[in-house]
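The values are calculated or read from the model by the stated rules, or taken from the named source; none is laboratory data. Every value quoted in this text rests on a predicted model; they were computed, and no experiment measured them. Positions of Cβ are backbone-derived with ideal geometry, glycine not excepted, and every protein chain shown enters the neighbour counts.
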Amino acid sequence: MRVMVVIPARYGSTRLPGKPLLSLCGKPLIQWVWERARKSRRADAVRVATDDARIMEVVRGFGGDAVLTRADHPSGTDRIAEAVADAAADVVLNVQGDEPLIDPGLIDALADALSDADSWEMATAASPITDAADLQNPAVVKVVCGAHRRALYFSREPIPHVRDAVSPAEALAAGLHLRHIGIYAYRREFLARLVATPPAPLELAEKLEQLRALHLGARIRVLETRHASLGVDTPDDVPRAEAALRALQ
C-alpha cells in the first residue's frame, strides 16, 4: 500500500503572514516539517501543497517536492486532494505545515492503522489533557472515543462532561479527556468523497471539518500518543519552538 504525506502550506496567515517561510534556527519552518516527515519509514513520498510560488521555490530549493494549488480552497483537506490528483497513493496523510517537531513514528502508526485493517476510512491522533485551562480552551479541540478507539465526536467544548465534578481540575482527574492532534490519514477513495461533500451543519457550528467525515459515517481510528504537539501559530510560539528544536540537535 503506497503512502504519501502531503503538507499544506498557505502563505496567508492572520497572525503570522508568510508563516511557512518563517526562519527557525536558520531554516524555514516548512523545511523542518518536511525533514521530519521524510524520516517516516512508511512515507513513500512527501509533498508540499501550497498556494504561493515563493513557498514552492523555497521547498524545491532545499530538494523537496512541491506543487502549486488553487488559492481559493476552503480547507487544507481540499488543497491536499488537489495535490494528490496525479499521485499513485492508496493512503494520504495530512501533516500540518506548522508542526516542526512532528513525530515520524506517529506518521508511521497512522499509516499502519489504515494499512493493517480495511475497517477504517481515516485515522488521527490525540493526547491526554493534563491542564485544566486546556480543557476549557475552545482552541484546544477535544475528542471522545468508543470501542476500538473509534472517534465518536470532536468538539471545542470540554467533552465528556463529568457530571459529579465540581471543578475543571476534578473533571480532569477522571482521566477521560483527550486533546485532538490535527494529523490525518485518509484512504484515497474516502478523501475524494469527503471533499466532494458540502460542509455539514455540525462542522459549520464547531468550525471543525472532521465533523463532515463523521456526518458521512466515517470510521475514524484515534491513536493515543504522548508526543506533545508543538504548533507555531503566533509570534510568541517562535522562541518556544526554537528552544525545542535546539534541544533536539
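Tabulated values for the structure
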quantity	calculated
Members of region 105-154 that are closer than 22 Å to VAL3 by Cα and within 15 Å of the chain's Cα centre (by Cα)	GLY105, LEU106, ILE107, ASP108, ALA109, LEU110, ALA111, MET122, ALA123, THR124, ALA125, ALA126
Region 65-84 - residue that is crowded, with 20+ Cβ neighbours inside 10 Å and within 25 Å of LEU245 (Cβ to Cβ) and, of those, farthest from the chain's Cα centre (by Cα)	ALA66
Candidates ALA83, ALA173, ALA87, ALA147, filtered to the one that is out of contact with any strand residue (DSSP E or B) (no Cβ under 8 Å at 6 or more places or on another chain) and more than 18 Å from ALA218 (Cα to Cα)	ALA173
Condition check for THR50: among the polar types (S, T, N, Q), surrounded by 19 or more Cβ atoms within 10 Å (Cβ to Cβ) and more than 17 Å from TYR184 (Cα to Cα)	yes
Residue in region 103-113 that is in a loop (DSSP other than H, G, I, E, B) and modelled with pLDDT of 90 or more present	yes
Checklist (1) assigned to a helix (DSSP H, G or I); (2) touching a Lys or Arg at 6+ places or on another chain (Cβ under 6 Å) applied to TRP120, failing item	(1)
Residue under evaluation GLU57, criteria (1) modelled with pLDDT of 95 or more; (2) touching a helix residue (DSSP H, G or I) at 6+ places or on another chain (Cβ under 6 Å); (3) among the acidic types (Asp, Glu), criterion not met	(2)
